[in-house]
There are 2 protein chains.
Amino acid sequence: MSELIGQLTMVSLAASVVGLIVAVFFYFRVKGLPEGTDTMNMIASFIREGAMTFLMREYKVLAVYAVAVFAFLFFAFQGEGTGLLAGGCFLFGAFLSLFSGFIGMKAATFANVRTCQAAREGSKPNALLTALDGGAVMGLFVAATAILGLGGLYYVFATHPHLATVLHSFAVGASSIALFSRIGGGIYTKAADVGSDIAGKVVEGIPEDDPRNPGGIADNVGDNVGDVAGMGADIYESLVAAIVATMAIALTAKIEFILGLFTGGQTAEEARFLAVTLPVFLAGVGLIVSIVCIFIARTLRQNAPAMVLRAALIVPSIIICVVAYIIMPMLGVSQAVTYSLAAGAIGGALIGLVTEFYTAWSPVERVADASKTGAGTGIISGLAVGMESTVVSLFIVAAVGYTANAVMPEGMELFGIAMGAVGMLAGTAIVMTVDAYGPISDNAGGISEMSGLGPDVRAITDELDSVGNTTAAIGKGFAIGSATLTVLALFSAFILEVNHVRVTSGMEELVLKLDEAPILIGLLLGACLPYAVGASTMIAVGKAAQSIIEEIKRQFDEIPGLREGKADPDGTAIVDIATKAALSQMVLPGSVAILAPVGIGFLLGPAALAGMLAGAVAVGASLSLFMANAGGAWDNAKKFIEAGGLEGHPKGSETHKAAVVGDTVGDPFKDTSGPGVAILIKVMSVVSLLIAPLIATF
Amino acid sequence: MSELIGQLTMVSLAASVVGLIVAVFFYFRVKGLPEGTDTMNMIASFIREGAMTFLMREYKVLAVYAVAVFAFLFFAFQGEGTGLLAGGCFLFGAFLSLFSGFIGMKAATFANVRTCQAAREGSKPNALLTALDGGAVMGLFVAATAILGLGGLYYVFATHPHLATVLHSFAVGASSIALFSRIGGGIYTKAADVGSDIAGKVVEGIPEDDPRNPGGIADNVGDNVGDVAGMGADIYESLVAAIVATMAIALTAKIEFILGLFTGGQTAEEARFLAVTLPVFLAGVGLIVSIVCIFIARTLRQNAPAMVLRAALIVPSIIICVVAYIIMPMLGVSQAVTYSLAAGAIGGALIGLVTEFYTAWSPVERVADASKTGAGTGIISGLAVGMESTVVSLFIVAAVGYTANAVMPEGMELFGIAMGAVGMLAGTAIVMTVDAYGPISDNAGGISEMSGLGPDVRAITDELDSVGNTTAAIGKGFAIGSATLTVLALFSAFILEVNHVRVTSGMEELVLKLDEAPILIGLLLGACLPYAVGASTMIAVGKAAQSIIEEIKRQFDEIPGLREGKADPDGTAIVDIATKAALSQMVLPGSVAILAPVGIGFLLGPAALAGMLAGAVAVGASLSLFMANAGGAWDNAKKFIEAGGLEGHPKGSETHKAAVVGDTVGDPFKDTSGPGVAILIKVMSVVSLLIAPLIATF
């Protein structure tokens, strides 16, 4: 490893150590804040215990899975002599994901009640700060462990002949944990939400956060396991996958193409390793900028939360591009890298704003308006909004790809697209901070309601919560946009890896011609898979919600005095049902994602697998955007009506009831199936990249 | 043209002439049947006039479009000296589509009231026969004009140097008319259906077929313009596109590959032309078999309609394969062709049965059951069913492709896939007969209700109608399955054509590598387009339904005595609104389909266009299957509850109301957007094939 590359890598490692230290500081700062009344405390501890119980049981399931994959990798890579290495790096990637999820969620379950307490003391800035600090623990852990893990492995194995296997195995570890966390968490949160909503409002006529509703605790636990732990694992994986995709392309691209990236002077070896190091380095720069921006955002807490948080999502990416613009010439790297990075950063921000437009502005009023003639027309309208937003968002992703393609020197177009993904994710630490802020303030609202605190408290938590909904939409835009670019890059890395192995083994290169039958058959098979995951997750939420509704009915029938508020509901029974349902139902969709590429790769060969990935990314990217945004539009149409947006159609009117139906459909759409499909395509691509050497000579 | 090829083509032409003669015979037989009471007659003439008015106004819009495309083709192909030829063949393809649509719909609007009259006379077999004969006019016209047009052009231009342009222009004519008819008809029928349904049931509390409902006539007109004329144009186009795709591959494939299809003895020239002729010939054989089967089905009219019609959909395809198995060796053609044909025919039948399972059996009960806890859970369940069925159906399509790929000699794999599409569509005449039977019996039921005929009459029409729903589902399976295979074949034909032109102009062949940036960018752009058409058609239905609801409300408020049944509603006002809305709203989605390939082809070149087609087929095939089947499941869940399938949840209960919401969402899903998306991908492929020579040297 040359000196320059060592230094660049050290910058990233140092940034991640700083990130972890800051995160630990926030963790203890939040933990030390006052917790409020005994009731608040009790409710918060129920939520915390429920969430931790879920994680612990999930870890048991994941342990079985991890052992199985470890064994598979151990034997599959034994032929190359890297069995232990591949298995070990897989476990390392998986462990770091679980570790950040654990710490981040623990922090969130401390922060929720303390945010509520700050609101109870009447200080909106303090409440905002508490929620933000709580979120920052997750945000910083996610970004720092991803960079530390990848950077550390790179530092150690840079000159190892199987560096690719090291990186790919780490990515598979990250991806598969993300898959299960996202899907399991998604099923949990929406089953609890839909179940307690319907049972509360429709069956018993009480609001979902009412202290009498036995589903209240499970609903709040769901926010933590789904929107904090699940989302965190997802974003961790996104960052890992984007960096690994870029590194993988740089590792296998033809050297004459790589040299085109540099302004001169480098030897071939230096150029290649500098190209491999760039994504790690730029992610490290992104982390430093994000840390600075988190502190700036904290000082702005007296301002309107909506402005502060929106700026926090968009400004850091732009600063990162400016920094890159200054540094790249110093490293002798073409500014094409900066332009690709910037295309991604700007594209990500644009997708975020488009997502916000479709899920918060005039389209939402259209959906609310259509609900006047019933749930049917409201749903039709929301589906149309979701589809429209998909068109615009995917178009922007294509434009980012087009830009990267245009600015990059010949042969490095896909490296540019991968850099675009890195650009979208460079601000991961702060994006995830803001993302995790959302469920913390949502929980704070839930705790204030269940503890019977007054409307003044609720007013503060409601404002913070509603800002969280908007930022969640923007965050989702970044997530799905970067996922799409990352998959395109991984896809290309896969093909490069296949041909690298073929050429090394003296075979001729495989040319994947789009009009060959195996590729087209793969395309159709790939098109099926997102629907398979969509269907199984929708069914899982439906089933689990059904069981929860029945249990809630049972409690109201059998617990004397519950309806009158004189007896306590049995919240842990619901938590238990949701936990079991989520863990058992996540196995099928999770297995599809892992087994499909392995099965198709080994049975039909690399060409069919490439076709499958192409079909899966086309269908998966569009389907997940569609589901996420339609869901967001329905959710906010309901809130718009509740806030009195439609004159003559107040909360409780037929129009409102119609909008609630849309929200019910949207819940699993946007928070279970949509993210599940997005992560599916990433997992399949990462798994394909890992097994590429094993099927290359098919 | 050699003697053998002349003879084979003549067989097809003779078959289509026979088909037309039989169709004319059915037309006059139906027209001569008794029409029933004056009221029935009056209602039927309102429906007929409404339908004809729509067609006439649609023709005016299409005339403008046709002139524009003619002008474009005239100038675009002027450089090749084929401007007039291309324009003329385009008009010919378009004219034949409109002509069969016109005759077929006219027959359907005679048959509906006569079917009702036969039911009034108490004869179920006669009612079945009348509806079937009425449908056969459309079925035979569609298949016969497609074969006559293509076969005739081939007969005349077989040795013309621009045969490809002739065939492709004809296909573009067929496709674009199908696109507008399907989308315009789809918007009309569902706007009228949803509008009169909601206004009737929800706003005024009367059933949709109630004589007082001003939307009743428009609803019945919609069945004719959407499910008869729109569907007819769609199926006509499918057959044309499948045949043209197969011919195009045979015309441009490398001769050494073509020779692999033959058992020996043929010269290169003979082999190529025999391969080009095969799809026309086999479609002709399919028509003969279909005609025979229509007569057999007629003699079985005393049996249960469900069995007769299901057999009518599946048996003919199988007979055609047996005939091919006997004839191919006589022509010196490899049985690989028969096997591909058979894979398609069996695959089509399987998709049909899968579709029926998901839209008529246990999954429907699941949806009905989920509606017990409200519209939200019912809709979630229907979406899941739609997704599941998509996975299974697309998997079957992939299996058909896999089989064709496996049995075909090297280089002809895509010819085999195209033959699979021909196999699925070989029974077009009888499939379309059964498809058109559905709306005729639906109309018969509507007329009986609006004329106040007794429950005995309604019982007969209801049974015929419900069988129609099942057969419609099976028919849709054939349609979308064959569309997917056809698009894959067209896609390959496009690339072959591009390279044919490049090689002819002394350029090197374009290798479309799946991992190149332009293709991946095209993939994302292609993934957007089905959602663009989905969104615009959903919005169109929503808007138009809204206007209809308002007009119906106005009539109930302003026409004294309407509510009490003492005054007549103004049905033509609704017909007028639906017509205007459908015609104005079909322009945007229609233009997307035509302009997207042209724009991307000329701006970004053939590689990006190929990527776009790949993205569009992956997303379009899955999205249209999903929408069609989810819609079917909701529709039948509602009917299941109405038929008393859920004990304790009768018609009118909350559960039933919840199921009605699903049906409302499903209406535009299954009959407007789903078919619109399916035809979009075909139109884009056909247009790409046509413009291939113009952009080949990009």
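The values are calculated or read from the model by the stated rules, or taken from the named source; none is laboratory data. These numbers come from a predicted model, not from an experiment. Glycine also receives a Cβ, built like all others from the backbone with ideal geometry; neighbour counts cover every protein chain displayed.
Taking helices (runs of 4 or more DSSP H) that do not extend beyond segment B:296-379, which have at least 2 residues that are in contact (Cβ under 8 Å) with a residue 12 or more places away in the chain and within 14 Å of chain A (Cβ to nearest Cβ)?
Details: elements: B:305-330, B:336-360, B:362-370.
Ranges flagged: B:336-360, B:362-370.
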Among residues of segment B:586-610, those that are within 13 Å of another protein chain (Cβ to nearest Cβ), at pLDDT below 90 and crowded, with 24+ Cβ neighbours inside 10 Å, counted: 1
Residues (more than 30 Å from residue B:77 (Cβ to Cβ), more than 16 Å from the chain's Cα centre (by Cα) and aliphatic (A, V, I, L, M)) located in segment B:164-222: B:191, B:192, B:194, B:198, B:199, B:202, B:203, B:206, B:217, B:218, B:221
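For the condition within 14 Å of chain A (Cβ to nearest Cβ) and of a type outside the set (Val, Ile, Thr), what is the one hit in B:409, B:439?
B:409
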Test: residue B:101 is buried (at least 22 other Cβ atoms within 10 Å of the Cβ) and in a helix (DSSP H, G or I): yes
The lone exception for residue A:395 - which of (1) more than 10 Å from chain B (Cβ to nearest Cβ); (2) closer than 17 Å to residue A:350 by Cα it fails: (1)
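Taking the conditions exactly as written (in a helix (DSSP H, G or I) and more than 14 Å from every other protein chain (Cβ to nearest Cβ)), does residue B:457 satisfy them or not?
Numbers: in a helix (DSSP H, G or I): yes; more than 14 Å from every other protein chain (Cβ to nearest Cβ): yes.
Judged against the criteria, residue B:457 is a match.
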Which listed residue, of A:450, A:432, is crowded, with 24+ Cβ neighbours inside 10 Å, more than 22 Å from the chain's Cα centre (by Cα) and more than 9 Å from every other protein chain (Cβ to nearest Cβ): A:450
Those residues of segment B:13-58 which are without any contact (Cβ under 8 Å) to a residue 12 or more places away in the chain and on the phi > 0 side of the Ramachandran plot, in sequence order: none
Residue A:266, sole failed condition from (1) within 29 Å of residue A:53 (Cα to Cα); (2) assigned to a loop (DSSP other than H, G, I, E, B): (1)
All positions within segment B:531-542 that are more than 7 Å from every other protein chain (Cβ to nearest Cβ) and free of Cβ contacts under 8 Å to residues at least 60 places away in the same chain: B:536
Whichever residue in segment B:503-519 is under 13 Å from residue B:605 (Cα atoms) and outside any loop (DSSP other than H, G, I, E, B) and, among such residues, is nearest to the other protein chains (Cβ to nearest Cβ): B:517
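Restricting to segment A:558-583, and then to whatever is of a type in the set (Asp, Glu) and assigned to a loop (DSSP other than H, G, I, E, B), can you tell me which residue is nearest to the other protein chains (Cβ to nearest Cβ)?
Residues of segment A:558-583 that are of a type in the set (Asp, Glu), as a first pass: A:558, A:564, A:568, A:570, A:576.
This time we only want the ones that are assigned to a loop (DSSP other than H, G, I, E, B), so: A:564, A:568, A:570.
Values: A:564: 25, A:568: 25, A:570: 21 Å.
For segment A:558-583, the residue satisfying everything is A:570.
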Segment A:201-227, subset surrounded by fewer than 24 Cβ atoms within 10 Å (Cβ to Cβ) and part of a helix (DSSP H, G or I), residue farthest from the other protein chains (Cβ to nearest Cβ): A:204
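Please find, among A:499, A:469, the residue that is facing another protein chain (nearest Cβ under 10 Å), in a helix (DSSP H, G or I) and surrounded by fewer than 23 Cβ atoms within 10 Å (Cβ to Cβ). It would help to see each step written out before you state the result.
On the way: A:469 fails: facing another protein chain (nearest Cβ under 10 Å).
Matching residue, one of A:499, A:469: A:499.
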Unmet criterion (only one of (1) touching a Gly at 6+ places or on another chain (Cβ under 8 Å); (2) of a type in the set (Gly, Ala, Ser); (3) surrounded by fewer than 24 Cβ atoms within 10 Å (Cβ to Cβ)) for residue A:696: (1)
Members of segment A:173-200 found to be within 13 Å of chain B (Cβ to nearest Cβ) and of a type outside the set (Val, Ile, Thr), listed by number: A:190, A:191, A:193, A:195, A:196, A:197, A:199, A:200
Which numbered condition residue A:555 misses (of (1) within 13 Å of another protein chain (Cβ to nearest Cβ); (2) farther than 30 Å from residue A:518 by Cα): (1)
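How many residues are more than 19 Å from residue B:417 (Cβ to Cβ) and surrounded by fewer than 24 Cβ atoms within 10 Å (Cβ to Cβ) when one looks only at segment B:228-261?
Kept after step one, since they are more than 19 Å from residue B:417 (Cβ to Cβ), are these residues of segment B:228-261: B:228-236, B:255-256, B:259.
Retained after the next criterion (residues that are surrounded by fewer than 24 Cβ atoms within 10 Å (Cβ to Cβ)): B:255-256, B:259.
The number of residues fulfilling the criteria is 3.
Against the definition (surrounded by 20 or more Cβ atoms within 10 Å (Cβ to Cβ) and closer than 25 Å to residue A:229 by Cβ), how does residue A:64 come out, yes or no? Give the steps one after another, and end with the answer.
Values: surrounded by 20 or more Cβ atoms within 10 Å (Cβ to Cβ): no; closer than 25 Å to residue A:229 by Cβ: yes.
Spelling it out, it is not the case that residue A:64 is surrounded by 20 or more Cβ atoms within 10 Å (Cβ to Cβ) and closer than 25 Å to residue A:229 by Cβ.
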Number of the exception - residue B:528 against (1) under 30 Å from the mean Cα position of the chain (by Cα); (2) farther than 30 Å from residue A:408 by Cβ; (3) within 12 Å of chain A (Cβ to nearest Cβ): (2)
Members of segment A:611-647 that are over 25 Å from residue B:665 (Cα atoms) and surrounded by fewer than 24 Cβ atoms within 10 Å (Cβ to Cβ): A:643, A:644, A:647
Only listed residue being assigned to a helix (DSSP H, G or I), within 30 Å of residue B:523 (Cα to Cα) and within 14 Å of another protein chain (Cβ to nearest Cβ), chosen from B:618, B:545: B:618
The one condition in (1) surrounded by fewer than 21 Cβ atoms within 10 Å (Cβ to Cβ); (2) within 27 Å of residue A:382 (Cα to Cα); (3) within 7 Å of chain A (Cβ to nearest Cβ) that residue B:550 fails to fulfil: (3)
Verdict on residue A:475 being buried (at least 21 other Cβ atoms within 10 Å of the Cβ), within 9 Å of chain B (Cβ to nearest Cβ) and either of a type outside the set (A, V, I, L, M, F, W, C) or at positive phi (or both): no
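Name the residue, out of B:344, B:378, B:382, B:374, that is small (Gly, Ala, Ser) and within 30 Å of residue B:426 (Cα to Cα).
On the way: B:378 fails: within 30 Å of residue B:426 (Cα to Cα); B:382 fails: within 30 Å of residue B:426 (Cα to Cα); B:374 fails: within 30 Å of residue B:426 (Cα to Cα).
Being small (Gly, Ala, Ser) and within 30 Å of residue B:426 (Cα to Cα) holds for just one of B:344, B:378, B:382, B:374, which is B:344.
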